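Everything below concerns the one structure shown next.
The values are calculated or read from the model by the stated rules, or taken from the named source; none is laboratory data. The structure presented is a predicted model; accordingly, all values stated were derived computationally and were not measured. Please note: Cβ atoms are built from the backbone with ideal geometry, for glycine as well, and neighbour counts cover all protein chains shown. Remember, those area values only see protein heavy atoms, side chains included, never the ligands or the DNA or RNA. Shrake-Rupley method; radii C 1.70, N 1.55, O 1.52, S 1.80 Å.
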Amino acid sequence: MRVLVTGAAGFIGSHLVDRLLTDGHEVVGLDDLSSGANVRDDVELWQMDVADPAVAARVAAFRPEAACHLAAQVSVRASVADPAHDARVNVLGTANLLEAMRAAGGRKVVLTSSCAVYGVPDALPVPADAPLRPASPYAASKVAGEVYAGMYRALHGLDFTTLTLANVYGPRQTPEGEAGVVSIFTDALLSGRPTRVFGDGSQTRDYVYVADVVEAFARAIGEAGGGGRFNVGTGRQTTDRALHTLVARAAGAPDDPAFAPPRLGDLPTMAIDPSDTGTALGWEPSTELSDGLEKTVAWARSRAPQPS
Ligand SMILES: NC(=O)c1ccc[n+]([C@@H]2O[C@H](COP(=O)([O-])OP(=O)(O)OC[C@H]3O[C@@H](n4cnc5c(N)ncnc54)[C@H](O)[C@@H]3O)[C@@H](O)[C@H]2O)c1
């Protein structure tokens, strides 16, 4: 199938491009390279803003059956500092892509949302039908994208599936993303720098390995899951303190973080329930956190400057 991947040079998007090519799909990427730098020589890349009106002509020429939409302003903190920029990329960019796909006769858009849309949940792990309580411009922009997609499905019959991602980690991740703490601990522990944990270390997150995440996208581009929202996470909470221990073990470094005051606005706990994703898409996470962290640390070690 012909598939367009926006955000193709980013952390998750680049793994998705690799996976879709392995599956035999014809893939074109779109990325403005504002943060992503993972570019393959053998894949066509449109270097452009996803909100650019010129996207429509490129999409019309390629005629993708499905688009996986990962291009985004990805930082919660940056969205609070500059909500208009966040909305321009995340809301206008999504509206622009949906309209381009409709006009080109595309079948489906797979949206990339975030567990941040659930805010402070009533219970954990959060089911995919829990109330949406975005607590940042970033989370609000992800909800807006989903509302637009639902409207396009009703108005024009362009199908969509929303994948709501937990904190994604793995090779090629950067410190800016939602699982940036894995990168930060890894880089510091490999280079012998001190690490710090905010608060008392009991804050929790749900860490899902990038290869498992792209498996969910590979399934969602098909007919299954049309019009639905699906959690792509493990359902399990890992404390910051426990994460530090696992990364330190994988890096062969001391497990001795400093503790800093808690950061205002950080959600205390999070985990999302992927049961519906199993039912609709046949997806479940298959990578143990310790195994995924071993691979992530091995990748980071392979690119660290070698002592001369
Ligand atoms: N990493 C996570 O833990 C996580 C969790 C939940 C949701 N997500 C979502 O997954 C998607 C991918 O995130 P990622 O972690 O791979 O981040 P990333 O920053 O590595 O990838 C985003 C890509 O989008 C590109 N981009 C940014 N603005 C653009 C624009 N205006 N036009 C075209 N391209 C643009 C960037 O250059 C980058 O390559 C995003 O939609 C993000 O919100 C990520």
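Report, to the nearest whole %, how much of the accessible area of the stretch 163-203 belongs to carbon and sulfur atoms, 1.4 Å probe, protein only. Please list the in-between numbers first.
On the way: 840 of 1620 Å².
Accessible surface attributable to carbon and sulfur in the stretch 163-203 totals 52 percent.
Counting 0.36 nm for each residue step from GLU26 to ASP82 and taking away their Cα separation leaves a gain of 16.6 nm.
Per-residue ellipticity at 222 nm computed for the chain from its helices equals -11500 deg cm²/dmol, with DSSP H segments shorter than 4 residues left out and the rest contributing -39,500 (n - 2.57).
Cα extents for the stretch 72-171 along the principal axes, largest to smallest and rounded to whole angstrom: 38, 30, 30. Cα-based radius of gyration for the stretch 162-277, normalised by 2.2 N^0.38 Å, reads 1.17. Counting only protein chain heavy atoms and rolling a 1.4 Å probe, the accessible areas of GLU65, GLU146, GLU284, GLU215 rank, largest first, as GLU284, GLU65, GLU215, GLU146.
Which FRET efficiency value, to the nearest 0.05, is calculated for THR269 and MET1 with the Förster distance at 51 angstrom and r the Cβ-Cβ distance? Show your work: numbers first, answer last.
Values: r = 39 Å, r/R0 = 0.76.
Between THR269 and MET1 the formula returns 0.85.
Label-to-label distance for ALA258 and LEU92 is 4.1 nm, based on points extended 7 Å past Cα in the beta-carbon direction. For the stretch 248-308, the Kirkwood estimate of the hydrodynamic radius, built from every pair of different alpha carbons, is 15.7 Å.
Subtract the Cα-Cα distance of ARG193 and SER286 from 0.36 nm times their separation in residues, and report this length gain in nm to one decimal.
Numbers: separation 93, 0.36 × 93 = 33.48 nm, distance 3.18 nm.
Between ARG193 and SER286, full extension yields an extra 30.3 nm.
On the basis of the beta-carbon distance and an R0 of 22 Å, THR174 and ASP18 show a calculated FRET efficiency of 0.80.
List residues of the stretch 230-253, by number, whose backbone nitrogen lies under 17 Å from a label position 7 Å along Cα→C-beta of ARG301. Only 245-253 fall inside the zone, counting backbone N under 17 Å.
For the peptides 96-104, 6-14, the ranking by packing is 6-14, 96-104, with the highest mean count of neighbouring Cβ atoms within 10 Å listed first.
Take every DSSP beta bridge whose two residues both sit in the chain; close to 5 percent of them are antiparallel.
So what is the relative contact order for the stretch 191-260, in percent, with contacts set as C-alpha pairs under 8 Å and at least six apart?
Values: 61 pairs, mean separation 39.5, N = 70.
Here the relative contact order equals 56 percent.
Distance distribution note for the stretch 136-205: the fraction of Cα pairs above 18 angstrom is 59%.
Which number do you get for Rg(Cα) / (2.2 N^0.38 Å) in the chain? The partial results should precede the final answer.
On the way: Rg = 18.8 Å, N = 308, 2.2 N^0.38 = 19.4 Å.
Taking N as the residue count of the chain, the ratio is 0.97.
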